[in-house]
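S.K.: Take a look at the following structure, please.
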Amino acid sequence: MMRKIFIALAGLILIILATFYYYLFPRLTIVNGFAAKIACSCKYIEGRDITEIKKNVLYHSLLPYTSLEINEDKFSVRATFFGLKPKTAVYKKGVGCILLKEGDSSSFQFTQNKSRFAEDSIPVFTWKEGITAGTRKEQLDQVVMAAFDEDFYLTDKRTSAVLVIHNDTIVAEKYAKPFNVSSPQLGWSMAKSLLNTFIGLMVYNDKIDLSQQNLFSEWKNDERSKISLNDLLQMSSGLEWEEDYTKICDVTTMLYDSEKIAEIPLSKQLVGKPGKIWLYSSGTSNLISCFIRNSFANDEAYFSYLNRKLFDRLGMSSMLQETDATGTFIGSSYVYGLPRDWAKFGLLYLHNGTWMGKQILPDYWVNYTTSPAIHSKNQYGAHFWLNKEHSFYKDAPEDMFYADGYQGQYVFIIPSRDLVVVRMGTGDKNFDVNSFLKGILENVGK
């Protein structure tokens, strides 16, 4: 009897060990990379407490089992899984938190001179707050309150901020604990829509053209040379890509185990003809980011461009684009900003690329941005999501388009209602976005 028990226990132990070795162990680099990177940014950019970060950000899958070691002198966070597969992220002023190769600070390969220049004489924007004509303030406030958890902590719906802008006026604004109006927050894939702006600025200033091909030297001798900048913006490159955050694949390896953010997508081969196949790909966004950097004569011009042409003009002083270890903006995922600054971003598109009466983007840019990409089922434009045919939100207008982040971050732009809605959070599994939008639309003036 004891022998059978021993054999059974031994077999169980072998199964557990095999599962760990073949399933868990290879994933630890990704798990620890995510934990180190996000904890570092939450602490040093958002100013959050590490205990609160573990509770409200690193709460799913294997992340609660990671250990975080904070080095206040080096502004770094080291993550391990019971001492295994450590990953380290370090905070650098002006560029945020960067994952290092095997925790080696020498792998940080550049220094950013984040100088800023007065671009022109655009007047300073000042927010208006109040009640617009036709807005039912009490009912609107109830809708906004319902978007949050009852205790205003991130426990279920995980909403961290809501901002409603109607006729350029803040008609509703609310924050969860520990956030407030001065708390920068991560937009995740809303960074992709900011790439659209970066490209639009460069097109407007005659630096690039959407029809450009031969985008990278790595592609010059094969069919990938026919991929255009427009193909990339519309996620229609035809390149292979796997975007699944639950396993080791292209996107997770790119974000959490690669020093050069465009290295993996640059290596991908065609699985379809450029412009004829649609596939959502964070790798594509980082190809655009790499292309942008290559378009500048030097890093000073590259790093200062978006500040001078966009952030300084709109007064979006909180916006921070994080980079890889070589200094390339991680255009797929990592931009931090105040919800009010994210709202300004939405207003720029609501007003067709103008700001305080001055054209900043091409006058056709918003129309281009909201034109559906081929084979996207009318759901995607140029790095913005669309609501054509009410494809995502049945109670929101078809002219709505929006930036959409991985954990339920949104900037909704609704031209027909002169409306911008910002929702920030650390998850949206239990958050009904359609009902949220419906409630706002029913109570904001027409």
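The values are calculated or read from the model by the stated rules, or taken from the named source; none is laboratory data. Bear in mind the structure is a predicted one, so any value in this text is a computation, not a measurement. Cβ sites come from the backbone with ideal geometry, for glycine too, and all protein chains shown count toward neighbours.
S.K.: Which residues, taken from segment 378-434, are modelled with pLDDT of 95 or more, part of a loop (DSSP other than H, G, I, E, B), farther than 21 Å from ASN180 by Cβ and under 17 Å from the mean Cα position of the chain (by Cα)?
M.R.: Answer for segment 378-434, where residues must be modelled with pLDDT of 95 or more, part of a loop (DSSP other than H, G, I, E, B), farther than 21 Å from ASN180 by Cβ and under 17 Å from the mean Cα position of the chain (by Cα): GLY381, ALA382, HIS383, PHE384.
S.K.: Among the listed residues SER332, SER285, which satisfies the condition of being in contact (Cβ under 8 Å) with a residue 40 or more places away in the chain, surrounded by 20 or more Cβ atoms within 10 Å (Cβ to Cβ) and in a helix (DSSP H, G or I)?
M.R.: Values: SER332 fails: in a helix (DSSP H, G or I).
Of SER332, SER285, the one residue that is in contact (Cβ under 8 Å) with a residue 40 or more places away in the chain, surrounded by 20 or more Cβ atoms within 10 Å (Cβ to Cβ) and in a helix (DSSP H, G or I) is SER285.
S.K.: Now a separate question. Just the residues that are over 19 Å from LYS429 (Cα atoms), β-branched (Val, Ile, Thr) and touching a helix residue (DSSP H, G or I) at 6+ places or on another chain (Cβ under 8 Å), please, taken from segment 39-72.
M.R.: Taking segment 39-72 and keeping what is over 19 Å from LYS429 (Cα atoms), we get 39-52, 65-72.
This time we only want the ones that are β-branched (Val, Ile, Thr), so: 45, 50-51, 66, 70.
Within segment 39-72, ILE50, THR66, ILE70 qualify.
S.K.: Hey, can you tell me all the residues within segment 22-75 that are assigned to a helix (DSSP H, G or I), among the hydroxyl-bearing types (Ser, Thr, Tyr) and more than 23 Å from the chain's Cα centre (by Cα)?
M.R.: Of segment 22-75, the ones assigned to a helix (DSSP H, G or I) are 22-44, 50-56, 63-65.
If we keep only those that are among the hydroxyl-bearing types (Ser, Thr, Tyr) as well, we get 22-23, 29, 41, 44, 51, 65.
Result: TYR22, TYR23, THR51, TYR65.
Each row is one residue, and each column tells you yes or no for (1) part of a loop (DSSP other than H, G, I, E, B); (2) more than 23 Å from TYR336 (Cα to Cα).
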residue: THR126; (1), (2): yes, no
residue: THR132; (1), (2): yes, yes
residue: LEU140; (1), (2): no, yes
residue: PHE148; (1), (2): yes, no
residue: LYS157; (1), (2): yes, no
residue: ALA161; (1), (2): no, no
residue: VAL164; (1), (2): no, no
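S.K.: Ok, one more. Looking only at segment 435-446, count every residue that is crowded, with 16+ Cβ neighbours inside 10 Å and at pLDDT 95 or above and tell me the total. Don't jump to the end; show me each part of the working.
M.R.: If we filter segment 435-446 for residues that are crowded, with 16+ Cβ neighbours inside 10 Å, which is where we start, we get 436-441, 443-445.
Next, only the ones that are at pLDDT 95 or above stay: 436-441, 443-444.
Of the residues in that region, 8 qualify.
S.K.: Which residues, taken from segment 294-352, are farther than 22 Å from LEU215 by Cβ, small (Gly, Ala, Ser) and touching a helix residue (DSSP H, G or I) at 6+ places or on another chain (Cβ under 9 Å)?
M.R.: Of everything in segment 294-352, those that are farther than 22 Å from LEU215 by Cβ, small (Gly, Ala, Ser) and touching a helix residue (DSSP H, G or I) at 6+ places or on another chain (Cβ under 9 Å) turn out to be GLY315, SER317, SER318, ALA325, GLY337.
S.K.: Using beta carbons and a limit of 7 Å, which pairs, at least six apart or on different chains, have the first residue in segment 135-150 and in the same structural domain as VAL164 (by TED's automatic domain parsing) and over 13 Å from ARG423 (Cα atoms) and the second one among the polar types (S, T, N, Q) and modelled with pLDDT under 95?
M.R.: ASP149/THR155
S.K.: Another question about this same structure. Within segment 80-92, can one find any residue that is modelled with pLDDT of 90 or more and out of contact with any helix residue (DSSP H, G or I) (no Cβ under 8 Å at 6 or more places or on another chain)?
M.R.: Checked segment 80-92: at least one residue is modelled with pLDDT of 90 or more and out of contact with any helix residue (DSSP H, G or I) (no Cβ under 8 Å at 6 or more places or on another chain).
S.K.: So, in segment 387-434, of the ones that are surrounded by fewer than 22 Cβ atoms within 10 Å (Cβ to Cβ) and of a type in the set (Lys, Arg), which residue ends up nearest to ASP141 (Cα to Cα)?
M.R.: Per the criteria, the residue is ARG417.
S.K.: Pick from SER193, SER211: which is in a loop (DSSP other than H, G, I, E, B) and out of contact with any Cys (no Cβ under 9 Å at 6 or more places or on another chain)?
M.R.: Within the list SER193, SER211, the selection yields SER211.
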